[in-house]
Amino acid sequence: WPRQAEMRVDRRKQIRRILNWYRISFGIEPPYKIVVDGSFISTALEFKIYMKEQFPKLIGERAYPVVTRCIYAEIRAGGPEMSGAGIIAKNLQFVKCPHSDPVSSYACLKAVGECGNPDKLMIGSQNLDLRRELRAIARIPLLYISHNAIILEPPSQQARRVHDEEERKKRLPSKGELKTIEAQQVGSIPEEKKKRKKFAK
């Protein structure tokens, strides 16, 4: 028991570090909206994970599951096997996605990432290929279920590279600052010439 409690504490600390990094790097803050696809909802059902309760416990902040219209349409098209997931999805909050006509949840969530994640969403999926794509895009915290536990992935190498590049750009002078620097440099040239003429006399 003490060992299990210690592991839970360590896990919560790790999750806080990950979320703090995403907050500083990409402005992702609570309350967290976690977009879950059919694969995640079905796995949560299988392991009897009640997402509305478990997400806040896991993260230690306000957090709740949401779906897009595309995800809900795909779940409904899944037939009897997805009926349980459909009931759950129907009662979740819906968030906007870039699509007027439904596309697959894979295409929908990939598009959310490619848009730069303007709504500061998190994504939960059991689809390995999708998570691989989203890691490469960066900017989105990713979750999945493993052995009856929800896992928050640490930032990918690409996410860290994107953050470092954005920080580098912030340190560069803006266009206005560059113009000011150039004007100062141009204005200093005549002064230098005057000094040289005085010395020449």
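The values are calculated or read from the model by the stated rules, or taken from the named source; none is laboratory data. Please read all numbers here as calculations on a predicted model, not as lab measurements. Neighbour counts are summed over all protein chains in view; Cβ atoms, including those assigned to glycine, are modelled from backbone coordinates with ideal geometry. We work out accessible area using only protein heavy atoms, side chains counted, and drop any ligands, DNA or RNA first. Shrake-Rupley method; radii C 1.70, N 1.55, O 1.52, S 1.80 Å.
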Practice problem: Give the distance, in whole Å, between the Cα centre of the stretch 16-37 and the Cα centre of the stretch 97-155. | Solution: 13 Å
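Once you list every other residue whose beta carbon is under 15 Å from the beta carbon of LEU128, what net charge do they have if Lys and Arg are +1 and Asp and Glu are -1?
On the way: positive: LYS110, ARG131, ARG132, ARG135; negative: ASP37, ASP129, GLU133, GLU153.
Summing Lys and Arg as +1 and Asp and Glu as -1 gives 0.
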Quiz item: Taking square-rooted eigenvalues a ≥ b ≥ c of the alpha carbon gyration tensor, is the stretch 45-92 rounded, prolate or oblate, where a/c under 1.5 means rounded and, failing that, a/b exceeding b/c means prolate?
Solution: oblate
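From the mean inverse distance of alpha carbon pairs (Kirkwood) and the Cα radius of gyration, derive Rg over Rh for the stretch 1-138.
Rg/Rh: 0.98.
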Quiz item: At each listed q (0.11, 0.13 Å⁻¹), what is the log10 of I(q)/I(0) that the Debye formula gives for the stretch 69-152 modelled as equal alpha-carbon point scatterers?
Solution: -0.30, -0.43
Quiz item: Taking all protein chains as present, what is the carbon and sulfur share of the accessible area of the stretch 69-182, in % to the nearest whole number, probe 1.4 Å?
Solution: 52 percent
Quiz item: What is the local net charge at ILE28, summed over the other residues whose Cβ is closer than 12 Å to its Cβ (Lys, Arg +1; Asp, Glu -1)?
Solution: +1
